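Single-structure report; data block below.
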Amino acid sequence: MQRILIDTDPGVDDALAILLAMLSPELHIEAITTVCGNVSVTQGTENLLRILGVLGLEEFPLIAQGEAQPLVKHLVTAAHVHGEDGLGNVSQLRNADGRPLYPSANTSISSTSGVDLILETVTRYPDELTLVALGPLTNIAKAIRKDAAKMQRLQRIILMGGAVEEYGNVTTTAEFNIFVDPHAAHEVFHFDVPIHLVPLDATHQIILTGERLHAETDKRPNRITQFLKDATQACMEFYRQHVGFWGFHIHDALPIGMLTHPDYFESVPAHVQVETEGILTSGMTVADLRQERRHPNPNAQVCIKVASEAFLDHFFERLQ
Ligand code: BDR
Ligand code: CA
């Protein structure tokens with residue numbers, strides 16, 4: 001059993017990742033912290049409660065709301081991809097009697113900040129905790145600034161972000177999570193803790209088509225599969241219009257799969273740096289993956305290949 005803390009900006013693919021993690025018996029989610037990104041942090045926290053509400057849990061991980069603004073830049077959100085509420089507008093759906101179809105889970109938000117909950121959790125489980133980062137790295141950079149010695153006791157950080165040999169998804173060179181807070185990402189990559197990066201190079205290898213999603217969810221109609229269909233509709237429509245296929249990339253689910261099924265993933269060591277200044281390249285992750293150019297001091301493992309069919313089969317097996 002692996003102890004994890006999820007830091008997230010929920011987010012449709014964050015929702016899938018959280019559900020996958022909650023349904024993975026190999027993982028124990030000690031805490032979940034929210035951060036601004038896909039939507040404002042308050043909306044993200046509301047979304048998190050809605051996502052957890054789908055599962056009908058009796059016990060909940062600790063939850064805390066994190067940072068509302070990136071370290072330096074103004075917040076850029078992605079509501080145009082994830083729907084106005086960040087969850088495909090499932091917050092608007094109602095039962096016949098007018099009650100919300102997806103109500104928030106009946107649990108409370110901790111009064112401590114996201115940054116403090118991260119520090120408290122790593123202190124509770126020194127050298128044991130994996131921090132899974134699914135959004136901009138603002139909370140993590142702030143936790144490092146606040147108490148680097150405590151953060152040094154993380155076992156590792158697995159983060160979805162960046163684009164190394166792949167084009168970006170916000171600008172030509174930058175991936176969303178790094179683009180939103182490149183200064184935080186820069187500080188995290190310069191921090192001495194094992195980092196495993198899951199960039200677009202890997203996440204773009206998995207294409208979840210609308211056809212597959214509907215075929216799989218129709219096999220076993222239940223609350224979770226209905227949520228999967230409802231929450232992903234807007235996102236799949238965005239992809240149909242702007243990316244060229246009906247479906248989407250389930251970016252944030254990959255780090256969760258990597259924890260439970262590491263053999264599906266192939267990674268190489270690299271020295272990853274983040275561009276914080278460039279007019280055309282702000283938020284770009286720069287790393288030379290060529291074997292002969294390998295940096296003597298790699299600061300991360302970079303995932304470059306995923307067994308996509310095996311991963312998707314596993315994903316649906318767990319989420320049904
Ligand atoms: C990342 O950006 C967000 O929109 C997604 O939730 C994911 O974390 C992909 O670039
Ligand atoms: Ca995310």
Q.
I'd like to know which of Ala141, Thr203, Leu289 lies farthest towards the positive end of the charge dipole of the chain, counting +1 on Cβ of Lys and Arg and -1 on Cβ of Asp and Glu.
A. Ala141
Q | Cβ-based exposure ranking for Lys305, Lys219, Lys229, in which fewest neighbours within 10 Å come first | A | Lys219, Lys305, Lys229
Q: Please give the direction-averaged projected area of the C-alpha convex hull for the stretch 1-128, in square nanometres with one decimal.
A: 8.6 nm²
Q.
Could you order the peptides 289-302, 9-22 from most to least packed, using the average number of other C-beta atoms within 10 Å per residue?
A. 9-22, 289-302
Q. Given 10 Å bins starting at zero, what is the percent of C-alpha pairs of the chain in each, up to the one with the largest pair distance?
A. 6, 29, 38, 22, 5, 0, 0
**Q.** Among Thr260, Leu119, Gln152 the positive-end extreme of the charge dipole of the chain (Cβ point charges)
**A.** Leu119
Q: Quote the charge dipole size of the stretch 94-144 about the Cα centre in Debye, to the nearest 20; the model charges only the Cβ of Lys and Arg (+1) and of Asp and Glu (-1).
A: 280 debye
Q.
Using only DSSP helix segments of four residues or longer, with each worth -39500 (n - 2.57), what per-residue ellipticity at 222 nm results for the chain after dividing by its residue count and rounding to 500?
A. -10500 deg cm²/dmol
Q) Is the shape of the stretch 207-278 best called rounded, prolate or oblate, per the rule: a/c under 1.5 gives rounded, else a/b larger than b/c gives prolate, else oblate, with a ≥ b ≥ c the square roots of the Cα gyration tensor eigenvalues? A) oblate
Q. Once the dipole of the chain is set up with Lys and Arg at +1 and Asp and Glu at -1 on Cβ about the Cα centre, which of Val272, Gly56, Gly244 lies farthest towards its positive end?
A. Gly56
Q: Cross-chain or 8 or more residues apart, Cα under 25 Å: how many lysine pairs in the chain fit that? Count them up, please.
A: 4
Q.
Using the alpha carbons of the stretch 79-162, what is the convex hull volume per residue in cubic angstrom, as a whole number?
A. 136 Å³
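To the nearest 20 Debye, how big is the dipole of the stretch 122-275 about its Cα centre, given +1 on the beta carbon of each Lys and Arg and -1 on that of each Asp and Glu?
620 debye
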Q: Compare the peptides 26-34, 52-60 by average per-residue count of other Cβ atoms within 10 angstrom and give them in order, highest first.
A: 26-34, 52-60
Q) To the nearest 20 debye, what charge dipole does the chain have about its Cα centre, counting +1 at the Cβ of each Lys and Arg and -1 at the Cβ of each Asp and Glu? A) 240 debye
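Readers should treat all values here as calculations from the given coordinates under stated rules, not as data from a laboratory. Treat the numbers as computed from the prediction; the structure is a model and nothing was measured. As a convention, Cβ positions derive from the backbone with ideal geometry for all residues, glycine included, and neighbour counts pool all protein chains shown.
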